[in-house]
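**Student:** Take a look at this one; I'll ask things after.
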Amino acid sequence: MKNHYKILIDENLSDRLTPVLNDNFPGSSHIKSEHLMKNDDIIIWNWAKDKGYCILTKDWDFKFMSSTFGCPPKVIRLNCGNKTTNYIIDLLKQKVSIIQEFLADNDNCYMQIQ
């Protein structure tokens, strides 16, 4: 099942995740590619909302924003500590179907992956 959601990868994660996510979520991008590095979280939030992206982050601030503002955008927070990019790539590959289900669910705005 392909999903229409694209994923915006936050600056606290490697841009090497982009091609991995594009396999299942075409159009996904890293904030570096979108010239959003070093912007306040609210700028990134509004950009993702306007462009139809889900935010992938390790940042707790987006959890609070999701609780306050709801969605869009949806937020996926990785709660795995300081792991290698290869570890995160493997984790995301293992969780593709769960991510697709989350993105298709109109009721949930926030998901945490461990």
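The values are calculated or read from the model by the stated rules, or taken from the named source; none is laboratory data. Keep in mind the model is a prediction, meaning the values are calculated, not measured. Cβ coordinates were reconstructed from backbone atoms using ideal geometry, including for glycine residues, and neighbour counts include every protein chain displayed. Each accessible area value is taken on the protein alone, full model and side chains, heavy atoms only, with ligands, DNA and RNA left out. Shrake-Rupley method; radii C 1.70, N 1.55, O 1.52, S 1.80 Å.
**Student:** Starting from segment 6-25, take each residue that is closer than 15 Å to ARG77 by Cα and list its partners that are open to solvent by 60 Å² or more (accessible area, probe 1.4 Å), counting only C-beta distances under 6 angstrom and pairs at least six apart or across chains.
**Tutor:** Note: pairs meeting the criteria are GLU11/MET37.
**Student:** Filtering segment 61-108 down to residues that are in a loop (DSSP other than H, G, I, E, B) and within 15 Å of LEU13 (Cα to Cα), which residue is least open to solvent (accessible area, probe 1.4 Å)? Working first, answer last.
**Tutor:** Residues of segment 61-108 that are in a loop (DSSP other than H, G, I, E, B), as a first pass: 70-74, 79-84, 95, 105-108.
Remaining after also requiring within 15 Å of LEU13 (Cα to Cα): 79-84.
Numbers: ASN79: 56, CYS80: 17, GLY81: 42, ASN82: 155, LYS83: 100, THR84: 90 Å².
Selected residue: CYS80.
**Student:** If we keep just the residues of segment 66-77 that are modelled with pLDDT of 95 or more and hydrophobic (A, V, I, L, M, F, W, C), which is nearest to ILE42 (Cα to Cα)?
**Tutor:** Once the filter is applied, the top-ranked residue is VAL75.
**Student:** Which of the residues spanning segment 21-41 are among the hydroxyl-bearing types (Ser, Thr, Tyr), crowded, with 18+ Cβ neighbours inside 10 Å and in a loop (DSSP other than H, G, I, E, B)?
**Tutor:** Taking segment 21-41 as the starting set, the residues that turn out to be among the hydroxyl-bearing types (Ser, Thr, Tyr) are 28-29, 33.
Keeping just the survivors that are crowded, with 18+ Cβ neighbours inside 10 Å gives 28-29.
Listed by number, the list holds a single entry, SER28.
**Student:** For segment 2-20, name all the residues that are crowded, with 18+ Cβ neighbours inside 10 Å and either part of a loop (DSSP other than H, G, I, E, B) or in contact with a helix residue (DSSP H, G or I) (Cβ under 7 Å, 6 or more places away or on another chain) (or both).
**Tutor:** Residues satisfying the conditions are TYR5, ILE7, LEU8, ILE9, ASP10, LEU13, LEU17, VAL20.
**Student:** Now for a separate question. Tell me yes or no: at least one residue of segment 65-74 is out of contact with any Asp or Glu (no Cβ under 7 Å at 6 or more places or on another chain), without any contact (Cβ under 8 Å) to a residue 60 or more places away in the chain and under 22 Å from ASP23 (Cα atoms).
**Tutor:** Just the residues of segment 65-74 that are out of contact with any Asp or Glu (no Cβ under 7 Å at 6 or more places or on another chain), to begin with: 66-74.
If we keep only those that are without any contact (Cβ under 8 Å) to a residue 60 or more places away in the chain as well, we get 66-72.
From what is left, the residues that are under 22 Å from ASP23 (Cα atoms) are none.
For segment 65-74, residues out of contact with any Asp or Glu (no Cβ under 7 Å at 6 or more places or on another chain), without any contact (Cβ under 8 Å) to a residue 60 or more places away in the chain and under 22 Å from ASP23 (Cα atoms): absent.
**Student:** Right, next: Report every pair of residues separated by at least 6 positions or lying on different chains whose Cβ atoms are under 7 Å apart, first residue within segment 31-54 and without any contact (Cβ under 8 Å) to a residue 24 or more places away in the chain, second of a type in the set (Lys, Arg).
**Tutor:** Between residues of segment 31-54 that are without any contact (Cβ under 8 Å) to a residue 24 or more places away in the chain and residues that are of a type in the set (Lys, Arg), there is no close pair.
**Student:** Just checking, how many residues over segment 42-60 are farther than 17 Å from ASN106 by Cα, surrounded by 16 or more Cβ atoms within 10 Å (Cβ to Cβ) and of a type outside the set (A, V, I, L, M, F, W, C)?
**Tutor:** Of the residues in that region, 3 qualify.
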